[in-house]
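To start, the structure itself, in structure tokens.
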Amino acid sequence: MKLRRRLTSRAAAAAYAAVAVTASIALATSATATHPVDSPVTVVTNPTPATDTRTWSFSYNNSSTNYYLHYRNTVWDSNYDADESYYLGVPAGAGTFTFTGGTTYDLVDIEWHVQGEHHFDNGGTTTRPKVEVHFVHENPTDSSDKVIVAVHLTEVDTADDNDLHDKILRSNRPVPGGLSKLKTGVTLNNLLPSTRNTAWLYQGSLTSYPYTDGVQWVILKDTSLEISSTTLSAIRNHWSTHAPDYNARPLQTASPHPLTHR
């Protein structure tokens, strides 16, 4: 995930009815910021990691608004790591993520990877999601302090306009060097799954250049949001020369890392 500067909204003005969702998440004593690793990693879910006691809340725009979908096109580096993606420009004030009693982070953009960057090991059986969406948040007073909330989408045969991720990506996508595309009727709060109080957490890094540490990853367990096979196939075809990772960074080899869950 490469952090982008906040974009000035070109969308029509809309009333923001922020929706706060409080989740409980537990911080074990072993899970501290002193053990960052390169991301993405394999999330080992069995045996079950330590439980965490922090709480957080989301406050995202809950009104139907227009946003621009952009195309990030950066030269792939010598480590063949992807730095191309579709991302939704998010204006100031459109969303926040807050650790209760702590820092409030501003939502700065949302981007899609058509191969899951994180892998999951459930006691020897490893799986990889089809799509991983990154909600990138930044501390407004310290740009090196970031929270990335990852959401995994489930592939289905068909999807409708209630499947907002699919609606955004299925057509009228921007191309390298081309104009951004206006997406109408987007409710940011609906891009998050309904269950936001169960997650895997660890301290890691950005998954694209400059790969800096200082990222708190929050990987939501709810995978109920969907994307159609047709949309997924079309996007993968665009990055077919980079298969099997497409526009996802390959799994990184890292020393054992502290992981917590709720």
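We did not get these values from a lab; they are worked out from the coordinates using the rules stated. None of these values were measured; they are calculated from a predicted model. Note that we place each Cβ from the backbone using ideal geometry, even for glycine, and neighbour counts take in every protein chain shown.
A cut-off of 5 Å between modelled amide H atoms, ignoring neighbours fewer than 5 places along the same chain, links residue 249 with 82.
Volume per residue for region 117-163 equals 109 cubic angstrom (convex hull of Cα atoms). Using all pairs of distinct alpha-carbon atoms, the Kirkwood hydrodynamic radius of region 92-215 works out to 16.5 angstrom.
Stretching the chain fully between residue 241 and residue 145 yields a gain of 31.2 nm (0.36 nm per residue, less the alpha carbon separation).
The H on the amide N of residue 154, modeled in the peptide plane, is under 5 Å from the matching H of 225, 226, 227, each at least 5 residues off or on a different chain. Set Lys and Arg Cβ to +1 and Asp and Glu Cβ to -1, take the dipole of region 19-261 about its Cα centre, and tell me which of 206, 110, 252 lies farthest positive. Projecting each Cα onto the dipole axis, the largest value belongs to 110.
Shown here: region 19-261, whose C-alpha atoms stretch 47, 38, 34 Å along the first, second and third principal axes, sorted largest to smallest.
Annotation: amide H-H contacts under 5 Å for residue 39 (H modelled 1.01 Å from N, sequence separation of 5 or more, or interchain): 205. Listed peptides 236-247, 138-149 appear in the order 138-149, 236-247 once ranked by packing, highest mean of other Cβ atoms within 10 Å at the front. Ordering 140, 100, 88 by the projection of their Cα atoms onto the charge dipole of region 75-167, which places +1 on the Cβ of Lys and Arg and -1 on the Cβ of Asp and Glu, puts 100 at the extreme positive end. Measuring between their Cα centroids, region 86-120 and region 125-175 lie 9 Å from each other.
Highest mean first, the peptides 43-49, 197-203, 156-162, 59-65 sorted by other C-beta atoms within 10 Å per residue fall in the order 197-203, 59-65, 43-49, 156-162. What nm value, rounded to one decimal, do you get for the distance between residue 162 and residue 179 when each label is placed 7 Å out toward the C-beta? With each label point 7 Å from Cα toward Cβ, the separation is 3.4 nm. Summarising the label geometry, the points placed 7 Å from Cα in the beta-carbon direction at residue 122 and residue 221 lie 1.2 nm from one another.
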